[in-house]
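Chemist: Next up is a structure, given as structure tokens.
The values are calculated or read from the model by the stated rules, or taken from the named source; none is laboratory data. It should be emphasised that the depicted structure is a prediction, and the values quoted were computed from it without experimental measurement. Here Cβ is always computed from backbone atoms with ideal geometry, including for glycine, and neighbour counts include all displayed protein chains.
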């Protein structure tokens, strides 16, 4: 179960947004319905100087520097840049010129230290590419992390996302998708470098019919695997999954109002 509550003034300069769930989108923890809905995010925001500055505070949901899967499936999208979801923070974002965003966040987790600060930036070039940067500072700079990614859309029907994650650990990733009429296919891979080489691959195919959308998807990390098929249309979603030798039957029924 999920309930979204939001409100804003007529100009869109002040607003609030919230979501209550029986499933945590990030950790994939599922709560018993009898436990009631739990808060996933709730925050308020205000825009100043004709929208050049936006300040958000609370338990945030922000995907402004997220680059990930284009498939409409919660099982894909494990390879991506970062996002805020359920993170308690104050986030200030500056839009000095068209297409450019510069942001800084202070996370609220007790005593303030260098590790509570994040920085982010994005720049969009129309019909060409979106570039994002995210940095998580740490009290010991060697434990910090940065992410740099680019989504290239200059080639018709082709999407290419490439990126790097580094400092405390190092890795590269890529997601490549191709659309043709009702067909969309995508594959992604991430390599991590350390004492040993780690990898994760995922992908899927989606085909849209008048009666329903059909999706095949899967992922593998060298140890665990998952494969599935699902049929979705409007408010319902039905499929089968096979993971680590066991079948499961995920069913999703949604009603939006």
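Chemist: Are any residues in the stretch 118-130 within 15 Å of residue 160 (Cα to Cα), surrounded by fewer than 18 Cβ atoms within 10 Å (Cβ to Cβ) and in contact with a strand residue (DSSP E or B) (Cβ under 7 Å, 6 or more places away or on another chain), and if so, which ones?
Modeler: Listed by number, the residues that qualify are 124, 129.
Chemist: Here is a follow-up. From the list 209, 197, 183, which residue is more than 19 Å from the chain's Cα centre (by Cα), modelled with pLDDT of 90 or more and over 30 Å from residue 19 (Cβ atoms)?
Modeler: On the way: 209 fails: modelled with pLDDT of 90 or more; 197 fails: modelled with pLDDT of 90 or more.
Only one candidate qualifies: 183.
Chemist: Would you be able to tell me the number of residues in the stretch 225-242 that are free of Cβ contacts under 8 Å to residues at least 24 places away in the same chain and either in a strand (DSSP E or B) or surrounded by 16 or more Cβ atoms within 10 Å (Cβ to Cβ) (or both)?
Modeler: Restricting attention to the stretch 225-242, the residues satisfying the condition of being free of Cβ contacts under 8 Å to residues at least 24 places away in the same chain are 225, 227, 229, 231, 233-238, 240, 242.
From what's left, either in a strand (DSSP E or B) or surrounded by 16 or more Cβ atoms within 10 Å (Cβ to Cβ) (or both): 225, 227, 229, 231, 233, 236-238, 240, 242.
Number satisfying all stated conditions: 10.
Chemist: Among the numbered criteria (1) outside any strand (DSSP E or B); (2) modelled with pLDDT of 90 or more; (3) surrounded by 17 or more Cβ atoms within 10 Å (Cβ to Cβ), which one does residue 64 miss?
Modeler: Condition not satisfied by residue 64: (3).
Chemist: Check the stretch 142-164 and report whether any residue there is on the phi < 0 side of the Ramachandran plot and in contact with a helix residue (DSSP H, G or I) (Cβ under 9 Å, 6 or more places away or on another chain). Steps first, please.
Modeler: Narrowing the stretch 142-164 to residues on the phi < 0 side of the Ramachandran plot: 142-156, 158-164.
Cutting the leftovers down to in contact with a helix residue (DSSP H, G or I) (Cβ under 9 Å, 6 or more places away or on another chain) gives us 143-144.
Among the residues of the stretch 142-164, at least one is on the phi < 0 side of the Ramachandran plot and in contact with a helix residue (DSSP H, G or I) (Cβ under 9 Å, 6 or more places away or on another chain), which makes the answer yes.
Chemist: Moving on. Only residues that are in contact (Cβ under 8 Å) with a residue 40 or more places away in the chain and closer than 28 Å to residue 121 by Cβ: list them for the stretch 175-206, please. Before the answer, list the steps.
Modeler: The initial filter retains those residues of the stretch 175-206 that are in contact (Cβ under 8 Å) with a residue 40 or more places away in the chain, namely 175, 177, 184, 186, 188-190, 200, 202-204, 206.
Result: 175, 177, 186, 188, 189, 190, 200, 202.
Chemist: Exactly one condition in (1) exposed (fewer than 14 other Cβ atoms within 10 Å of the Cβ); (2) at pLDDT 85 or above is false for residue 245; which is it?
Modeler: Tallying (1) exposed (fewer than 14 other Cβ atoms within 10 Å of the Cβ); (2) at pLDDT 85 or above, residue 245 fails exactly one: (2).
Chemist: Pick from 203, 163: which is closer than 30 Å to residue 140 by Cα, surrounded by 17 or more Cβ atoms within 10 Å (Cβ to Cβ) and modelled with pLDDT of 90 or more? Lay out the reasoning, then the answer.
Modeler: On the way: 203 fails: closer than 30 Å to residue 140 by Cα.
After applying the criteria, what remains is 163.
Chemist: Also, I was wondering about something else. Could you grab the pairs with beta carbons closer than 7 Å, sequence gap of 6+ or different chains, first residue in the stretch 210-224 and part of a loop (DSSP other than H, G, I, E, B), second one surrounded by 16 or more Cβ atoms within 10 Å (Cβ to Cβ)?
Modeler: 212/232; 221/200
Chemist: Ok, one more. Filter the stretch 48-61 for residues that are touching a strand residue (DSSP E or B) at 6+ places or on another chain (Cβ under 8 Å) and surrounded by fewer than 21 Cβ atoms within 10 Å (Cβ to Cβ) and give the result.
Modeler: At the first step, the residues of the stretch 48-61 found to be touching a strand residue (DSSP E or B) at 6+ places or on another chain (Cβ under 8 Å) are 48, 52-61.
Those that are touching a strand residue (DSSP E or B) at 6+ places or on another chain (Cβ under 8 Å) and surrounded by fewer than 21 Cβ atoms within 10 Å (Cβ to Cβ): 48, 52, 53, 54, 55, 57, 58, 59, 61.
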